1. Say we look at region A:809-838 and pick out the residues that are of a type in the set (Phe, Trp, Tyr) and touching a residue at least 60 places away in the same chain (Cβ under 8 Å); which of these is nearest to A:THR767 (Cα to Cα)?
2. Which of the residues that make up region A:549-564 are within 30 Å of A:LEU640 (Cα to Cα) and open to solvent by 10 Å² or more (accessible area, probe 1.4 Å)?
3. Could you list all residues from region A:524-579 that are under 20 Å from A:THR138 (Cα atoms) and among the hydroxyl-bearing types (Ser, Thr, Tyr)?
4. In this structure, is A:TRP733 within 24 Å of A:PRO63 (Cβ to Cβ) and touching a strand residue (DSSP E or B) at 6+ places or on another chain (Cβ under 7 Å)?
5. So for region A:797-818 (the condition being surrounded by fewer than 22 Cβ atoms within 10 Å (Cβ to Cβ) and small (Gly, Ala, Ser)), does at least one residue qualify?
6. Which of (1) in contact with a helix residue (DSSP H, G or I) (Cβ under 7 Å, 6 or more places away or on another chain); (2) at pLDDT below 95; (3) within 30 Å of A:LYS481 (Cα to Cα) does A:GLY359 not meet, given it meets every other one?
7. Restricting region A:334-354 to residues that are modelled with pLDDT of 75 or more and open to solvent by less than 50 Å² (accessible area, probe 1.4 Å), which is nearest to RNA strand B (Cβ to nearest atom)?
8. Might you check whether a residue that is exposed (fewer than 15 other Cβ atoms within 10 Å of the Cβ) and without any contact (Cβ under 8 Å) to a residue 40 or more places away in the chain occurs anywhere in region A:490-508?
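The values are calculated or read from the model by the stated rules, or taken from the named source; none is laboratory data. These numbers come from a predicted model, not from an experiment. Cβ coordinates were reconstructed from backbone atoms using ideal geometry, including for glycine residues, and neighbour counts include every protein chain displayed. Just so you know, the surface numbers come from the protein's heavy atoms only, side chains and all, with ligands and any DNA or RNA stripped out. Shrake-Rupley method; radii C 1.70, N 1.55, O 1.52, S 1.80 Å.
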Amino acid sequence: MSERRKPYPFDRLEPKWQAIWDETRAFHAPNPGEEKFDPAQPKYYVLDMFPYPSGAGLHVGHPEGYTATDIIARYKRLKGFNVLHPMGWDAFGLPAEQYAIKTGQHPVVTTRENVAKFKTQLKRIGFSYDWEREINTTDPGYYKWTQWIFLQIYNSWFNPETKKAEPIATLLEAMKNWLGYEQWTPEQQRKIVDDRRLAYVEDAPVWWCPDLGTVLANEEVVDGKSEVGGFPVVRRPMRQWMLRITAYAERLLKGLDGLDWAESIKTLQRNWIGRSEGARLEFPWEGNVATGLLELAITVFTTRPDTVYGATYVVLAPEHPWLEAIVTREQRDRVREYQARVASKSELERTDLAKDKSGVFTGGYAINPITNEPVPVWIADYVLMSYGTGAIMGVPAHDERDWEFARRYGLPIKHVVAQLIPDGIEMRPSPAGITRVVQSKTGEKLGTWNDDRPFCGEGIAFNSPIIEGLLTPEAKQEVIKWLEMRGGLNGPTVKYKLRDWLFSRQRYWGEPFPIVWCDGKHEALTESELPLEPPALEDFKPSGTGEPPLAKAKDWIRYSENASRETNTMPQWAGSCWYYLRFCDPHNDERFVDEEAERWWMGPSIEKVVETRLVDPDPEWKPGGVDLYIGGVEHAVLHLLYARFWHKVLFDLGHVSKPEPFQRLVNQGMILGEDGRKMSKRWGNVIDPLDVIEIYGADAFRCYEMFMGPLEQMKPWSMKGVEGVSRFLARVWRLIMEENQAGEWVRSAAVQDEELTKAQQKITHATVKKVTADIESLSFNTAISQMMIFVNAFTTAEKIPVSAMRTFLVLLNPFAPHISSELWERLNLGGDITAQSWPEYDERFLVEDEIEIVVQVNGKLRDRITVALDATESELEAAALANQKVQNAIAGKQVRKVVVVPKKLVNIVTG
RNA sequence: GCCGAUGUGGCGAAAUGGCAGACGCAACGGACUUAAAAUCCGUUGGGCUUAAACGGCCCGUGCCGGUUCGAGUCCGGCCAUCGGCACCA
């Protein structure tokens, strides 16, 4: 492209202002105790999801959220807030390591380069970050505290009495009162403690990704493939570190109620946690009766205890630990063969083949506790070991899956719930022998049932002696009461889909665990041994066997004569679980965050408190936390759930002051390519922010990203659109500046100390009102529209009053900080624009003496009339009826009614 | 299958139950210019009526129905697209 003339000299003034902001520390937020700190000034904490600094640099998606938060940060400062607006780097992770494997360059080096690149790019967009608070998760001064927090988790247990994390010491104390304490050996005591730690080691089947050479968390596996890279994963038993997030399932769920998050994200988390209420039932093993020795009972979980009369068989997961005891000699081979077949399937195959239910009879029988009849015990891979108890009661008549399974293997089907006939529907006679009618206990409700198909809804119980004729909710309660009387494990219970968090990875580029192993037992390092830095390695490659790369560093591993270091590393999420806390006090060597700094920045701002309309709100909730957090929706169940979990642990242990980290969360929508497709190299539709800034300037880039449409919506990029916004900024420039003979930009002669005309007065105040309200509601697109309307109104004016420009430039400043700073200076308005205060508007300037009233006939627009502002309702009615067009429309008809909405409209209704 | 979101001009979009399409893009016409770019002004949802202009009229927010003096907006039922979960007992 040939050198085109810039519509205004953004290429000079943007770097100029960026340098000034740097030099003057314009956006530094003082902490309590710091020189310029003013406790009377309210705080506002506005946060971006910090990026992973990839080699590719920024794409247009990053600055979308960043611009939104920057507008808020700059706006809040002008409103007089002490604003915390920090940025940092989430720099541990796979890409840096994979790049290292490919090129041999150490991840430390690539990370440093990428961070430098990202930082330069972000500065070029003019974001008002407090760079003195920059943090990097790979910096030993940072991950020292990540490791420290891990130790807090490791050294805690979840006390079911208090429903809180507590130091292990309280467990040791509590244990003394437990039955049989005196007999325990130290070994047994140790095991009891280790089994209750919030960070524990488990040898269990985990997601192993051979291509990445590491294990992955549940949340990182999507459709049987790795979230990163899309490689296949397999189930494989391995010894791994787990974090007991399931202990917090209930509180993580409840805590959502008080948060000001999009309902869709809350729903995503709720579904992921997957709470369901039901009951545990014991089906005693029939072998008990024969041998009289074993007290074996198969415990099943069900959400429909009312259907227990219809339970005609029991199914165990193929991995169920009791199979050995239950399976008969005759069935042993077939069961083993089935187990082997299931184990060899990858998860993708297992779900893929799910359409056809398969299973094998174990030869054993269990006793249905309510009918006392023996029912066969099967194994089938449609029952998952990882959910509930790993065993179900098969109720084919009232569950689709059980129906399918029973039909395939010829198991008995017994109907015990009838479908309610909706009120007011007449029963029509059906073919005899198929549909039968049942009556409820009260005799008011009728139900039908049909032995052709399962019925999975709620209805009326029948063929069920103790709950005969009851509606499902009462029937459930009755069965639960009956179960509780039976004792044992029987009774009501709550299950969650959420699994514990698989926390170790077989990678080089992550935080090493502050753990050593001694005689097969794990021990924590002390705080003074932190940070534990990873060893220098030549070869970062995963071994492929599941042996972590750190295992190659023989010297590093050796901790003492008989102790060696843990060689797994933490997942990338570890660093991002608490970075928002570190931003409050990023250089502290004594604590992960200073207590006072944490209380201040995570404390309540004067923002209005969220109203929750819930019947049963979270009792734990307190106002406070990050006031506004903006980022992509892809973290809905990963980062956002993990961080909430860590925060709650830290809260329980008294290290932070609030139970939730992020009070208000907004997800920006994805930006698509110009062709409407997702931006990708494959389609060649990727837009580089720096290219755009080169041509149109950073202010135009920022404003376009906000003008495209609502922040949360997915929307396609348009270069023409950028041009439009760029034209708007150029018009702003020329409103105030003109070119002289020499081709220099000088203050326009039209800009004078003039009084505003009434119309100008009105539009100025209307613009202040609209822009203020729109920023508050994050409707940046309409705020920019309003500023365009303002500028359009002044471009035709012969004289441009300075006072209107003064107001306007402050409004524009959060959106286009460079041009507004420059024009502020050129107009000699005094001081720096960032030190101004946000303009106020006055309703009085918005009202007019005369207003336009809409006249409708039967709801259809007929005309508009101009009347005095204070016209009475009857005057309005008379004026409307006198209108010629109204007369035409109602000619020959009778006026039945006249609706008058003061200051708005008159609607004439004819018969 | 379940849960959630979204459907408005040629395009991005706007509209406390009260003038549908603000603002911007594109397109067309005009001014300026030797010319182009830039800039500025105007027109622009569809249709009918009119010789033409002015004007007048009808239709229009995915589809069907309801509430209301009045519905893009509220309620009920569909359809489509996108996203999440998915043998979760």
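1. Selected residue: A:TRP838.
2. Hits for region A:549-564: nothing passes.
3. A:SER528, A:THR567, A:THR569, A:SER576, A:TYR579
4. No, not satisfied.
5. Checked region A:797-818: at least one residue is surrounded by fewer than 22 Cβ atoms within 10 Å (Cβ to Cβ) and small (Gly, Ala, Ser).
6. With respect to (1) in contact with a helix residue (DSSP H, G or I) (Cβ under 7 Å, 6 or more places away or on another chain); (2) at pLDDT below 95; (3) within 30 Å of A:LYS481 (Cα to Cα), A:GLY359 is out only on (3).
7. A:VAL342
8. Within region A:490-508, not a single residue is exposed (fewer than 15 other Cβ atoms within 10 Å of the Cβ) and without any contact (Cβ under 8 Å) to a residue 40 or more places away in the chain.
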